[in-house]
Amino acid sequence: MDEAERCSHVAYIYYGKLIADGTPDSCANCPTCSLLAPFEWKSLPPKLTRALRIARTLPGIRSATIFGQSIHALINDDLDLDHLREQLLKQGIVVAEIRPLAPSLEDVFVELTYKHQSEIEATRA
């Protein structure tokens with residue numbers, strides 16, 4: 001995805017269907033992705049993988065991955081960050097910092113993939 005961020009035009013095909021087409025900025029600002037709320041939080045390294053496992057089970061977190069010494073998560077717009085911090089603290093995870101991030105192309109493509117996979121599964125049901 002790093003290379004795609006530097007392109008003047010990108011397109012994303014999923015299961016033979018074109019689901020994103022335009023500049024990286026226009027893809028990041030598409031209506032489907034306008035509700036993306038990527039956040040990063042820093043935790044102490046020995047507990048980072050444990051924090052990731054816990055984060056993936058919390059309501060309101062759509063996806064989470066380790067990025068360096070931080071966790072990068074896509075969360076629902078209505079998730080209260082203080083509540084998130086409290087939930088992690090209850091599990092013994094001390095969060096040093098939580099900060100919002102601008103959506104990356106990877107965030108956009110992950111979100112579009114989830115959306116279109118859900119549509120595919122709904123038609124099969």
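The values are calculated or read from the model by the stated rules, or taken from the named source; none is laboratory data. Predicted model, so just to flag it, every value in this text is computed and none were measured. Cβ: placed from backbone, ideal geometry, glycine included. Neighbour counts: every protein chain shown. Heavy atoms of the whole protein, side chains included, go into the accessibility calculation; ligands, DNA and RNA do not. Shrake-Rupley method; radii C 1.70, N 1.55, O 1.52, S 1.80 Å.
Derived scalar couplings between HN and Hα for the stretch 95-104 equal 9, 7, 7, 10, 9, x, 10, 6, x, 8 Hz in order, rounded to whole Hz, by the Karplus curve 6.51 cos²θ - 1.76 cosθ + 1.60 (θ = phi - 60°), x for Gly and Pro.
Using alpha-carbon positions, what is the distance between the centroids of the stretch 1-21 and the stretch 39-105, in Å? Cα centroid to Cα centroid, the span is 27 Å.
Using only DSSP helix segments of four residues or longer, with each worth -39500 (n - 2.57), what per-residue ellipticity at 222 nm results for the chain after dividing by its residue count and rounding to 500?
-11000 deg cm²/dmol
The long axis of helix 105-124 is offset from the longest Cα principal axis of the chain by roughly 70 degrees. Solvent exposure of residue 8, expressed as accessible area, is near 100 Å², computed with a probe of 1.4 Å over the protein chains only. Relative contact order of the chain, taken over Cα pairs closer than 8 Å and 6 or more residues apart, is 29 percent. Ligands, DNA and RNA aside, residue 82 has an accessible area near 100 Å² when probed at 1.4 Å. Excluding same-chain neighbours fewer than eight residues apart, the lysines reachable from residue 17 by a Cα-Cα span under 29 Å are 115. Length available on full extension from residue 81 to residue 69: 0.36 nm per residue minus the Cα-Cα distance, which gives 2.4 nm. Rolling a 1.4 Å probe over the protein chains gives residue 13 an accessible area of about 110 Å².
When 116, 9, 83 are compared by accessible surface with a 1.4 Å probe, the order from highest to lowest is 9, 83, 116. Measuring nothing but protein heavy atoms, the accessible surface of the chain at 1.4 Å probe radius is 54 percent carbon and sulfur.
Karplus-based coupling profile of the stretch 69-85, in residue order and whole Hz: 9, 10, 10, 9, 10, 9, 10, 5, 4, 8, 6, 7, 5, 5, 5, 4, 4, with θ = phi - 60° in 6.51 cos²θ - 1.76 cosθ + 1.60 and x standing for Gly or Pro. Summarising the label geometry, the points placed 7 Å from Cα in the beta-carbon direction at residue 23 and residue 7 lie 1.6 nm from one another.
The listed residues 81, 48, 18 rank as 18, 81, 48 when sorted by accessible area, largest first, using a 1.4 Å probe.
What does the C-alpha gyration tensor say about the overall shape of the chain? Classify as rounded when a/c is under 1.5, otherwise prolate if a/b is larger than b/c, or oblate. Since a/c reaches 1.5 and a/b is larger than b/c, the shape of the chain is classed as prolate.
Computed on protein heavy atoms with a 1.4 Å probe, the accessible areas place 109, 67 in the order 67, 109, largest first.
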